[in-house]
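To start, the structure itself, in structure tokens.
Each reported figure results from applying straightforward, stated rules to the coordinates on display, with no laboratory input. The model shown is predicted, which means the values in this text are computed figures rather than measured ones. Cβ: placed from backbone, ideal geometry, glycine included. Neighbour counts: every protein chain shown.
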Amino acid sequence: SDKLAYKVLTNDDLNFVTDEAKVKAFWEKKKENFLTPQMYELSIIRTQTNETAVSEDEIKAHYNANSFNYTDENGKQLPFEEAKVLATKDLKIKKTKKAAQKAYIAFKKGNLDNSEKVTLPFGDAKLTEEIWTALKEKSVGDILKPKVVLDTYATVKIENVVLPKVKTYEEAKKQ
């Protein structure tokens, strides 16, 4: 009968030499496939929720009204003591919404300019999928209403959109 043997190859077993001229020729033919990501230059006003004051009674009332939202991995409702941290976070977000909306109005009127300036590729994890979907539909200069990102509200203004461009040979080579 036939016997088959196999060996797992390591990098040391490979004798591979790249032909720079051939690689560059390949890139020349396919360079439109090597694009930079679409980038967004954004100004972000963050409204923090961690300083929002909540009392024990408010947390209990919030939990009682929304207890169906606090369940374990089996869908069983969590008792108040186990859900308290989540209920506190949710209540702080709820109570901070009005302050976030006021910051949005001030930002829109140009009365607020302590924004964080960032440039991010489309879909970056620093913002939520909901914000990226909304940004896709907007234009330069538009301001999104406050949206929750982790435990803060983010009001986002599009300052500029940098469209994808063909990468240089050196940039594409690193890819």
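Among rounded, prolate and oblate, which fits the chain when a ≥ b ≥ c are the square roots of the eigenvalues of its C-alpha gyration tensor, a/c under 1.5 means rounded, and a/b larger than b/c means prolate?
Oblate, because a/c is 1.5 or more while a/b does not exceed b/c.
Only sites in a loop by DSSP and with at most 10 other Cβ atoms within 10 Å count here; which trypsin sites (Lys or Arg not before Pro) in the range 1-47 make the cut?
Counting only loop positions with at most 10 other Cβ atoms within 10 Å, the trypsin sites (Lys or Arg not before Pro) in the range 1-47 are K3, K7.
Compute the Kirkwood hydrodynamic radius of the range 90-162, taking the inverse of the mean of 1/r over all pairs of distinct Cα atoms, and give it in Å to one decimal.
13.0 Å
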